[in-house]
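First the structure, in the form of structure tokens, and then the observations on it.
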Amino acid sequence: MTGPEEVRCMLMRGGTSKGAYFLADDLPADPAARDDLLLRVMGSPDPRQIDGIGGAHPLTSKVAVVSPSDDPDTDVDYLFLQVNVDEPVVSDRQNCGNILAGVGPFAVERGLVPAGDDTTSVRIRMVNSGDRATATFPTPGGRVDYTGDAEISGVPGTAAAVVIEFPPGKGTLLPTGNVGDTLAGVEATCVDNGMPTVLVAAESLKVTGYEDPKELEADEELAARLREIRLAAGEAMGLGDVTDTTVPKLTLLAAPRHGGAVTTRTFIPVRCHTSIGVLGAASVAAGLRIDGSVADGIAQLPTTGDRLRIQHPTGFTDIEASLTTGPDGLPAARRTAVVRTARKLFDGTVFPRPAHTPGGPR
Ligand code: NQM
């Protein structure tokens, strides 16, 4: 009899998400075998993920697969995988800017990138979208220092800042080619500044946009409307049938309350986010800057600087976003940047639930 399967794994908090980080070489190369292993590592499918290391919520059931990059302009490749909690599904259809915050530190910890003197910048290719990011974080004495005074809403305490710069992606900012579309009878702006996102005024769905996520999740009429809008948006954005995918996300907009630019409630796509994704916030920020978007008359933009404060259920995310005009005359991303924090929580060996062999014990 052979011993249990074991896999080297680091558990990290990345921004307001938590995930299992692996070197690609430590996982099966075959995607089907890899996904089967990851379901067993995380404990899916099971609403409590009790037999795995997943945290029983989409925001804590995430995986980063990191490898050296063969692209001369990037140091490492980062593949993000969303492991569904209660379905046997692992998806590479979306990116994750929160888990991205841990990728640079992980690459240094695993020796893929040498640490700089005081800080290290890691150039990352986000395999899911082909977009790039550069993460800069402190490495005094050649070791990652996770301690610091940066504070992000949704995470208690403070930690070292991970500054992430996103150069403009290759994709189009307005995937439908329009600043506004009517989707399932509702006015929407579909925007993709790293995360395909559908912006809708909360008021047009008969909610205020200030509700608690649990209250919104319990609203069955709202859920049905969001589903219709999302399916229509998927087709309009060129994403096809999005019934079983986690993109596009839907963000409800309401006027800012505490000096921010806008208040948001984001559906990812069924559960309501307790804060907002990084790339989701980048897409919202870009949407606010587009003249004639559904944010007009709701958002309040600062008169100077790139920084926009996106309010969400547990605080705010500050995003630096500026736009330019693309060759097609439509608005295009110019620069996007954000401050996140990340922390190594655990480094060791994970023991996946045994694979089910047909005819064998379950
Ligand atoms: O938008 C949640 C998160 C995310 C994704 C989601 C993310 C992003 O908060 O960049 O980070 O939208 O599923 O981690």
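Just a few scattered comments:
- Hits in region 3-23 (condition: touching a residue at least 60 places away in the same chain (Cβ under 8 Å) and not in a strand (DSSP E or B)): Pro4, Glu5, Glu6, Gly15, Thr16
- Which listed residue, of Ala135, Ala160, Ala107, is in contact (Cβ under 8 Å) with a residue 24 or more places away in the chain and in contact with a Pro (Cβ under 7 Å, 6 or more places away or on another chain): Ala160
Residue-wise test of (1) among the small types (Gly, Ala, Ser); (2) at pLDDT 95 or above.
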| site | (1), (2) |
| --- | --- |
| Val108 | no, yes |
| Ala135 | yes, yes |
| Pro138 | no, yes |
| Val144 | no, yes |
| Thr158 | no, yes |
| Glu165 | no, yes |
| Gly169 | yes, no |
| Val179 | no, yes |
| Thr197 | no, yes |
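- Boolean, Glu165 is part of a helix (DSSP H, G or I), surrounded by fewer than 22 Cβ atoms within 10 Å (Cβ to Cβ) and not small (Gly, Ala, Ser): no
- The residue pairs whose first member lies in region 55-67 and is in contact (Cβ under 8 Å) with a residue 12 or more places away in the chain and within 25 Å of Leu112 (Cβ to Cβ), whose second member is of a type in the set (Phe, Trp, Tyr) and part of a helix (DSSP H, G or I), and whose beta carbons are closer than 8 Å, counting only pairs six or more residues apart or on different chains, are Ala64/Phe106; Val66/Phe106.
- Only one entry of Val122, Val113 meets the criterion of being away from the ligand (no atom under 16 Å from the Cβ), surrounded by 16 or more Cβ atoms within 10 Å (Cβ to Cβ), assigned to a strand (DSSP E or B) and not charged (D, E, K, R), and that entry is Val122.
- Scanning region 343-355 finds one or more residues that are touching an Asp or Glu at 6+ places or on another chain (Cβ under 9 Å), aromatic (Phe, Trp, Tyr) and not in a strand (DSSP E or B).
- Test for Asp71: is it away from the ligand (no atom under 12 Å from the Cβ), outside any helix (DSSP H, G or I) and either in contact (Cβ under 8 Å) with a residue 40 or more places away in the chain or among the aliphatic types (A, V, I, L, M) (or both): yes
The values are calculated or read from the model by the stated rules, or taken from the named source; none is laboratory data. This is a predicted model, so every value here is computed, not measured. Note: ideal-geometry Cβ built from the backbone for every residue, glycine included; neighbour counts use all protein chains shown.
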